[in-house]
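Remarks on the structure that follows.
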Amino acid sequence: MLLNPVRGALLAAACCLPCTPVLADGNHTAPARADSHAPIGVMGDHVHSAGEFMVSYRYMRMEMSGNRIGRDDVSPEFIVQNVPNRFDGPATLRVVPTEMTMEMHMLGMMYGWNDTVTLMAMLPVVANSMQHLTFQGMSGANRLGTFETSSEGIGDIGLSALFRLHDDGNQLLVGRLGLRAPTGSVDETAQVLTPMNTRPTLRMPYPMQLGSGTYAVTPALTWRRYLGAASIGAQYDGVLQLGRNDEGYTLGDQHAVGAWAAYGWAPWMSTSLRARASSRERIQGVDRRIMAPIQTANPDFQGGDRVEAGIGVNLLGVEGALRHHRLAMEMLWPFYQDLNGPQMESDYTFTVGYQYAW
Ligand SMILES: [Cu+2]
């Protein structure tokens, strides 16, 4: 539902733009190639020439289902019988998340300040939904019922500077220095089903909040090299939270390294393989208003390590009305997840993006 107004506004903006006959890929003399941008799930991978603009829209979707402790799958019954509840009430947990969908609509703008520095702004709109199973009363032996919670709104806005550290037309090294502002809400509420069969409205647990509540620094370093019709690349990217938010906690820092290989079948199309390993720390501190016998309300049951891999395709318009328009998709599946659990495990991450440069 959020998709249509966002995409509509973007297309309306894109249609008004004048088309100028310059290569909009950061290099005025190199031939256009679809793999001059990394797979769409990679951000901050490229820079622009002085005076160039780019607008982009990305849709990202992550589906999660089932739970793990470390690398082991655990059932809802196992969780309610074995995992301690850190709050008042039953000794062990009573509510188990069973499925979660995280969607993000990301509107982006890039501008080549000069041939070395490109400025980038990102506006995320986040939509989360979570399914739960509630077990009955103090014993927790029986399933009482299910409920769903959801949250949607603006996330944390990002501003960054990208630096062309090295570019010989073949090898490109781009550094990113980014800042994220706490524009996303951290006090979203929802109606829940309690083990006592009541339906109060409570502040939602950490993973359902839209922002971090803190400023964050987002460094990245990306390298790419052409090898004939193919290319290879690698990236480090991090999210380092600064300070503590008004509710009393800090999300865990995140570090990721990834690498990809792409092959250009034609100037207008490339396909890619990519793998990415990421690690996120636990939450520091606690929001005193997030208190429920559910794993997601516990700051210790957040973060972990994940390795995912998958495939992507980049399409680049090289002539006529499609020139400088890009459309790309990527799908990643996790094949290793070691979670500070119980925590929900990821099934896949899908990204589709549209970019237009002039
Ligand atoms: Cu760009």
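Enter the Cα centre distance for the pair segment 145-200 and segment 281-358, rounded to the nearest angstrom. Here the answer is 10 Å between Cα centres.
Within the set of other residues whose C-beta is less than 11 Å from the C-beta of PRO342, count the net charge using Lys and Arg as +1 and Asp and Glu as -1.
Details: positive: ARG68; negative: ASP72, ASP73, ASP300, GLU345.
Its environment carries a net charge of -3.
Given 0.36 nm per residue, what is the gain on full extension from ASP305 to ILE232 after removing their alpha carbon distance, in nm?
The span from ASP305 to ILE232 would gain 23.9 nm if fully extended.
Normalised size of segment 281-332, defined as Cα radius of gyration per 2.2 N^0.38 Å with N residues, equals 2.15. One compactness figure for segment 243-358 is 1.45, namely its Cα radius of gyration divided by 2.2 N^0.38 Å. Report the paramagnetic label zone for ARG244: residues of segment 173-215 whose backbone N is under 14 Å from a point 7 Å from Cα along the Cα-to-Cβ axis. Answer for this model: 214. Each of GLY44, MET208, THR116 was placed along the dipole of the chain (beta-carbon charges, centred on the mean Cα), and the one lying farthest toward the positive end is THR116. Sites counted here are trypsin sites (Lys or Arg not before Pro) in a DSSP loop (not H, G, I, E or B) having no more than 16 other Cβ atoms within 10 Å; the longest part of the chain that contains none of them is 87-243. In this simple spin-label model, placing a label point 7 Å from the Cα along the Cα-to-Cβ direction at both TRP333 and SER139 gives a separation of 4.2 nm.
What number, rounded to the nearest 500 deg cm²/dmol, is the helix-based mean residue ellipticity at 222 nm of the chain, given -39500 (n - 2.57) per DSSP H run of at least four residues and division by all its residues?
So the helix-based figure for the chain works out to -1500 deg cm²/dmol.
For MET64, neighbours were defined as the other residues whose beta-carbon sits under 9 Å from its Cβ, and their charges (Lys and Arg +1, Asp and Glu -1) total -4. Modelled spin labels at HIS166 and SER65, positioned 7 Å past Cα toward Cβ, are 4.6 nm from each other. Rounded to the nearest 10 degrees, the angle from helix 3-15 to the longest Cα principal axis of the chain is 10 degrees. Sites counted here are GluC sites (Glu not before Pro) in a DSSP loop (not H, G, I, E or B) having no more than 16 other Cβ atoms within 10 Å; the longest part of the chain that contains none of them is 1-280. Ordering VAL186, ASN85, TRP260 by Cα displacement along the dipole of segment 3-357 toward the positive end leaves VAL186 in first place; charges were set at the Cβ atoms of Lys, Arg (+1) and Asp, Glu (-1). Evaluated with a Cβ-only charge set (Lys, Arg +1; Asp, Glu -1), the chain carries a dipole of roughly 120 debye about its Cα centre, given to the nearest 20. State the percent of C-alpha pairs, over all pairs in the chain, separated by a distance greater than 32 angstrom. Of all Cα-Cα distances in the chain, 35 percent exceed 32 Å.
All of the numbers you see were taken from the coordinates with simple rules; none came from a lab. Since the structure is predicted, the reported quantities are computational estimates derived from the model, not experimental observations. Don't worry about glycine lacking a Cβ; one is built from the backbone with ideal geometry, like all the others, and counts go over all protein chains shown.
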